[in-house]
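The block underneath contains the structure these notes are about, expressed in structure tokens.
The values are calculated or read from the model by the stated rules, or taken from the named source; none is laboratory data. Note that the structure is a prediction, hence the values are computed from the model and not measured. Cβ placement follows ideal geometry from the backbone for every residue including glycine, while neighbour counts extend to all protein chains displayed.
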Amino acid sequence: MINKIDFNAKNLTSNAGLFLLLENAKSNGIFQLIENELVFDNDSTNIIKMNHIKTILCGHFIGIDKLERLKLLQNDPLIKEYDIQVKEPETVSRFLRNFSFKTTQILRDINYKVFKNLLSKSNLKSIIIDIDSSVINVEGHQEGATKGYNPKKPGNRCYNIQFAFCDELKACVTGFVRSGNTYTANGAAEMIKEIVANIKADDLEIMFRMDSGYFDEEIIKTIETFGCKYLIKAKVYPTLALQVTDKPVLFVKGEEGRETTELFAKLNTWNKDRRFVVSRVLKPEKERAQLSLLEGSEYEYFFFVTNIDLLPEKVIISYEKRGNSENYIKEAKYDMAVGHLLLKSFWANEAVFQLMMLAFNLFLLFKFDSLSILHSRHFIPMPAHPHRATGKAQPAFWLSPQHGVDARGAQNAQ
């Protein structure tokens, strides 16, 4: 016979995982860092900022996709024990409207420092940073949202977010929200300058990896100026393609039917030659049957400009790993609800995005501090279901000394 279990005690919570995340963020000085550096012009905003910042971070930890979902935390005993007063969604929205370019830039600087913390814990001496962009469709009248490239809903207004992820750490280095009609490469050179200024050290080697949307000499020259490495997919301009199709070139057979070679070339607007790695694969048989007898027309060519010292085949393999960054963006968009929680103010939306990326990296920081990096998953599941906001049944946790958490929110020895 199965007896009915009633969860009617006053100190039950389905968000016990917040305890671990909040404690870890506190022990790493994250809250003190925000308290010291995030300063608003309005004194009254400075008084309430930490309560709202902690509220929003807790919301991101449990996967909210709109401010209204913060109500799920209002009566949570764990939240109350942390002295976090979850206000009404309208109050939180008013707080977010206090953000400006200056204060969102401060949040970006804080995120850089959190990433540097992750980097120092990893002891890595070389990293690969993937820069990419993603379209966020909007249905309302948010500031800065304009019609631009929007593959899912052509003609709709949208934002365009630029991300930079570290491949080895699977962490967000930086990012920012842009207007929907912004060209892919716009602001990339400035972002690279920021990244180098914030994280570069004498014993750290950085390689930037980007797709053809970032094939721009200004970006390449910026990277070269700082002595960093780059691997960028090139646009197949006719003058570039002719260098491998208009004259005999030795291609070396590699994996999966791929053939590679390399050449040094200078585009018309460039001031010097640079190394290009070329990969070619046979087109599908049906396409080849319809082609002319011109030399090389049965192949599809791919060009990559780089300054790394690897064999052509290894360069291609390295670039193919860039697909990981697209997975990180998907995780950010779906696990952290990037692009779902949108307000009317552009700077409020930028602040929400920066806090989402902060929460994203705080999960990773918890992983580094609590689990073996070799045996842990990238995304840390909380004891409570991360999508509690969907309304599905959730496991409940008893806050008591016997279970390691007492009513004062302190961890107890087992």
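For this structure, a couple of remarks:
- Residue within region 174-192 that is touching a helix residue (DSSP H, G or I) at 6+ places or on another chain (Cβ under 8 Å) and closer than 18 Å to Ser120 by Cα present: yes
- Considering the conditions (1) buried (at least 21 other Cβ atoms within 10 Å of the Cβ); (2) among the aliphatic types (A, V, I, L, M); (3) modelled with pLDDT of 95 or more, Ala171 is excluded by exactly one of them, (3).
- Hey, Ile161 in a strand (DSSP E or B), of a type in the set (A, V, I, L, M, F, W, C) and modelled with pLDDT of 90 or more or not: yes
Yes/no per residue for (1) within 19 Å of Leu341 (Cα to Cα); (2) touching a Pro at 6+ places or on another chain (Cβ under 6 Å); (3) surrounded by 16 or more Cβ atoms within 10 Å (Cβ to Cβ); (4) not small (Gly, Ala, Ser):
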position: Val39; (1), (2), (3), (4): no, no, no, yes
position: Lys71; (1), (2), (3), (4): yes, no, no, yes
position: Ile84; (1), (2), (3), (4): no, no, yes, yes
position: Asn98; (1), (2), (3), (4): yes, no, yes, yes
position: Ile110; (1), (2), (3), (4): no, no, yes, yes
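- Residue in region 208-217 that is of a type outside the set (A, V, I, L, M), closer than 15 Å to Ala265 by Cβ, modelled with pLDDT of 90 or more and not in a loop (DSSP other than H, G, I, E, B) present: yes
- Flag for Tyr334 being under 22 Å from Gly140 (Cβ atoms), in a helix (DSSP H, G or I) and at pLDDT below 90: yes
- Residue match in region 128-142 (condition: modelled with pLDDT of 90 or more, charged (D, E, K, R), surrounded by 16 or more Cβ atoms within 10 Å (Cβ to Cβ) and under 30 Å from Asp203 (Cβ atoms)): yes
- Of all residues in region 66-94, those that are touching a residue at least 24 places away in the same chain (Cβ under 8 Å) and within 12 Å of Asn15 (Cβ to Cβ) have Cβ atoms under 9 Å from Cβ atoms of residues that are of a type in the set (Val, Ile, Thr) and assigned to a helix (DSSP H, G or I), 6 or more apart or on another chain, in Leu73/Thr55; Leu73/Ile79; Ile79/Thr55; Ile84/Thr55; Val86/Thr55; Val86/Ile79; Val86/Val92.
- Test: residue in region 225-237 that is within 30 Å of Ile199 (Cβ to Cβ), β-branched (Val, Ile, Thr) and at pLDDT 85 or above: yes
- Applying a threshold of 6 Å to beta carbon distances and a minimum spacing of six or more residues, or different chains, the list of pairs starting in region 273-298 at a residue that is within 16 Å of Leu242 (Cα to Cα) and ending at one that is of a type outside the set (S, T, N, Q) and modelled with pLDDT under 65 reads Ser297/Leu291; Glu298/Arg288; Glu298/Leu291.
- Test result for Lys152, over 21 Å from Gln354 (Cβ atoms), among the charged types (D, E, K, R) and assigned to a helix (DSSP H, G or I): no
- Output for region 307-344, where each listed residue is of a type in the set (Val, Ile, Thr) and either over 19 Å from Gly254 (Cα atoms) or surrounded by fewer than 19 Cβ atoms within 10 Å (Cβ to Cβ) (or both): Ile308, Ile317, Ile329, Val338
- Counted residues, region 41-64 - those being charged (D, E, K, R) and surrounded by fewer than 16 Cβ atoms within 10 Å (Cβ to Cβ): 2
- Scan region 164-175 for residues that are more than 14 Å from Ile329 (Cβ to Cβ) and in a strand (DSSP E or B) and the total you get is 0.
- If the condition is being more than 12 Å from Thr306 (Cα to Cα) and either in contact (Cβ under 8 Å) with a residue 60 or more places away in the chain or not acidic (Asp, Glu) (or both), then region 256-272 contributes Gly257, Arg258, Thr260, Thr261, Lys266, Leu267, Asn268, Thr269, Trp270, Asn271, Lys272.
- Residue within region 269-278 that is of a type in the set (A, V, I, L, M, F, W, C) and not assigned by TED's automatic domain parsing to the domain that holds Leu311 present: no
- Within the option set Arg178, Arg157, being within 30 Å of Asn117 (Cβ to Cβ), surrounded by 15 or more Cβ atoms within 10 Å (Cβ to Cβ), out of contact with any Pro (no Cβ under 9 Å at 6 or more places or on another chain) and not hydrophobic (A, V, I, L, M, F, W, C) holds for one residue only, Arg178.
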